[in-house]
1. Could you pull out every residue, at least 5 positions away or on a different chain, whose amide H is within less than 5 Å of the one on residue 17? Hs are placed 1.01 Å off N in the peptide plane, and Pro or chain starts have none.
2. Using a Förster distance of 30 angstrom, determine the FRET efficiency expected from the C-beta separation of residue 13 and residue 91, and round it to 0.05.
3. Provide the gained length on full extension for the span residue 51 to residue 78, in nm with one decimal, where the gain is 0.36 nm per separating residue minus the Cα-Cα distance.
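The numbers here are math on the coordinates, done by the rules we state, and not lab data. Computed from a predicted model, the values in this text were never measured in an experiment. Virtual Cβ from ideal backbone geometry, glycine too; neighbours counted across all protein chains shown.
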Amino acid sequence: MTSGAERRKMERFTLQLPAKLAMVAEDSEQAILELLTSDVCAGGAFFQTGQPLPPGTEVKIDLVLPLDELKKLEGKKALIKVKGAVVRTTRDGMAIAFNEHFDITAIKNQEKKDFT
C-alpha cells in the first residue's frame, strides 16, 4: 500500500500562514473565517479549525506569505488571493484544493490590506 506522502503530486511545506476564508455564495454575505494553515502546496492547503466547512463548499482565500523569511526581503509580504473548494475534513480542520487562477501582490508590513 502506498503512503499518503508518496501519492502526493506536489511537494508540501509545513507552514503556518495566516489566512482569511469567505464562502462563495450568490445573493448572500458570508462571515469571514480567520484561520492558520498547517501545510501548503501549490495545489492546496490544510486549514486548522474545529469547525470545518462541508466538502464541496467553494471559498475565496487570502493567504499572507512572509517573503522576508523566504527571500530575505525585509519588511515585505505577499498577499495571495485564490479560490478553491473543501475536498476533505477531519476533526482538526479541512483540506482545500486551489483552482488554477490566483493573484499574488507584494504588500508592506505597515500597509493594511483588505481581504477578499
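1. Correct list: 37.
2. Details: r = 23 Å, r/R0 = 0.77.
For residue 13 and residue 91, the calculated efficiency is 0.85.
3. This chain segment gains 7.0 nm when fully extended.
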